[in-house]
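Report on one structure; see the data block that follows.
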Amino acid sequence: MKRTGFVDVPYRPHYWLSDARSQACLVGHDPLGKPDFEGLVRFDVEIKDGRIAAIAPLGTAPAGAIDLKGGLVWPGFVDIHTHLDKGHIWPRSPNPDGSFLGAATATASDRKARWTAADVQARMEFGLQCAWAQGTVAVRTHIDSLAPQAEISWPVFKTVRDAWADRIDVQAASIMPMDAFAEPQGEQLADIVADAGGILGAVTRLTGGVHDALPAEFLELLERFFRLAIDRGVDVDLHVDESGDSGAKALIEIARTATRLGFKGRLQCGHCCSLAVQPDDFVDATLRAIADAGIAVVSLPMCNMYLQGRNTGRTPRWRGVTLLHELKDAGIEVSIASDNCRDPFYAFGDHDMLEVMTQATRIAHLDHPFGDWSRAYTAIPASVMGLPGRGLLKAGAPADLVLLSARYMSEMLSRNQADRVVLRDGRAIDTSLPDYRVLDQHIGANP
């Protein structure tokens, strides 16, 4: 059954939405008055030929406008760190103990046994269908790329990217342990990534290991990795220090290496959990190095809180997230994303950036005030992904919007927004979610 949301938006080439609210930091510099106690401003929106024609003061819309009654309006969300190729294998490969090592082991076993092209494509498409229905306009997925998987999954990525090109901008970054880049497959993968227009990515641990004290050969491996990227002119996206071990100090070395080698591409580091357990002087030095290198950071609060500090029979002592407030205060671009979805690294999730925003706000105290954290799910990841015009409500931008019945942040963050309206090019889409049963033939679940 088709689902279209709390308000009817019949498509016309030219129409108005009246009495909308949004975070002031997403609306640009239009004169809409002073933001309220939650940072919100009220306005009307003119939509013409699939684009935002104007963001106008409240009361501008003519008679016949679609009245949102103060409901929130968001630009389409940008999910800059996902794992679509891992997604939804939980029913066939659960994590036995919920630990990071348990997740890595279960995923590796599943990949070796079951990740055919058909299997990977079906699960990637399912994830994108969920994201599409819930208002996401751009996704970056990491692709498990240890040989021989790269030669299976990267062609699938290209097929999926092209098939979804008029709906979601899909990017991909490789993920492979650092030591694998010292083997012939490292150079081969860099060529595959460059040929696909992808991003070179790695995880800053060794094969079979976890994120702890850096091995003696780490700096040599890191330089080799960067030189592969530099030689091919590709951007870099790394999984970094995903643990609560104070010996995990790859982040500062990445910043120093990027600066020393004069890396000119876009560079993002994800997770960076162990930064939260370092002494203040080391934190300060790391923040300076990151800022100098122009590194963007993405935090994954839901997955990090799920995995970090997990010990059977023991209540977790920390939330597992990196220093979001300190990074942002240092002038570093900070995004927040969904990460894994129903796989051994995170048993839950639905590719829903509103859920990510709700949980991240609670986990990392991104409220009181809300400030401009809303940009971490929209404008900032759009900039890091090189997607001009995304993530903001402004004249000339595509009318790819998410309309909510919730009028305030407190309402939005308190209740599931299943009645949202998603507009693409100004048209309301069917927001029905795909049935999990369509994956049964791939994941081997019992009906």
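Things to note:
- As a summary of the residue check, Gly33 satisfies the conditions (1) assigned by TED's automatic domain parsing to the domain that holds Cys341; (2) more than 25 Å from Asp352 (Cα to Cα) except for the one numbered (1).
- Selected residue (only one of Asp339, Asp292, Asp350 is in the same structural domain as Ala250 (by TED's automatic domain parsing), surrounded by fewer than 21 Cβ atoms within 10 Å (Cβ to Cβ) and touching a Cys at 6+ places or on another chain (Cβ under 8 Å)): Asp350
- Here the helices (runs of 4 or more DSSP H) wholly within region 369-447 that include at least 2 residues being modelled with pLDDT of 95 or more are 379-384, 409-412.
- Count of region 331-362 residues which are on the phi < 0 side of the Ramachandran plot, part of a loop (DSSP other than H, G, I, E, B) and of a type outside the set (Asp, Glu): 9
- Search result, residues across region 21-52 that are at pLDDT 95 or above, surrounded by fewer than 18 Cβ atoms within 10 Å (Cβ to Cβ) and of a type in the set (Gly, Ala, Ser): Gly50
- Figure legend. Inter-residue proximity from region 134-154: first residues under 24 Å from Val297 (Cβ atoms), second residues in a strand (DSSP E or B) and of a type in the set (D, E, K, R), beta-carbon distance below 6 Å, spacing 6+ or different chains. Indicated pairs: Thr136/Asp79; Ala138/Asp169; Val139/Asp79.
- Pairs with Cβ under 6 Å, 6+ apart, first in region 47-59 and closer than 9 Å to His14 by Cα, second of a type outside the set (Asp, Glu) and assigned to a strand (DSSP E or B): Ile47/Tyr15; Lys48/His14
- Enumeration of residues in region 295-317 that are buried (at least 16 other Cβ atoms within 10 Å of the Cβ) and on the phi > 0 side of the Ramachandran plot: Gly309
- Any hit, region 102-121, residues being in the same structural domain as Asp352 (by TED's automatic domain parsing), among the acidic types (Asp, Glu) and in a helix (DSSP H, G or I): yes
- Residue identified as closer than 22 Å to Ile429 by Cα, in a loop (DSSP other than H, G, I, E, B) and more than 25 Å from the chain's Cα centre (by Cα) among Gly70, Gly59: Gly70
- Residue in region 220-242 that is nearest to the chain's Cα centre (by Cα), counting only those that are surrounded by 21 or more Cβ atoms within 10 Å (Cβ to Cβ) and farther than 18 Å from Ser145 by Cα: Glu242
- Restricting attention to region 174-215, the residues that are crowded, with 18+ Cβ neighbours inside 10 Å, assigned to a helix (DSSP H, G or I) and within 22 Å of the chain's Cα centre (by Cα) add up to 1.
- Pairs, first touching a residue at least 12 places away in the same chain (Cβ under 8 Å) in region 396-410, second among the hydrophobic types (A, V, I, L, M, F, W, C) and in a loop (DSSP other than H, G, I, E, B), C-beta under 7 Å, six or more apart: Leu403/Val7; Leu403/Leu68; Ser405/Phe6; Met409/Phe370
- Selected residue (criterion: modelled with the highest pLDDT) from residues of region 5-20 that are closer than 19 Å to Thr431 by Cβ and exposed (fewer than 12 other Cβ atoms within 10 Å of the Cβ): Asp8
- Put simply, of Glu46, Glu38 the only residue that is among the charged types (D, E, K, R) and part of a loop (DSSP other than H, G, I, E, B) is Glu38.
The values are calculated or read from the model by the stated rules, or taken from the named source; none is laboratory data. Because the structure is predicted, anything quoted here is derived from the model rather than measured. Here the Cβ is made from the backbone with ideal geometry for all residues, glycine too, and neighbour counts use every protein chain on show.
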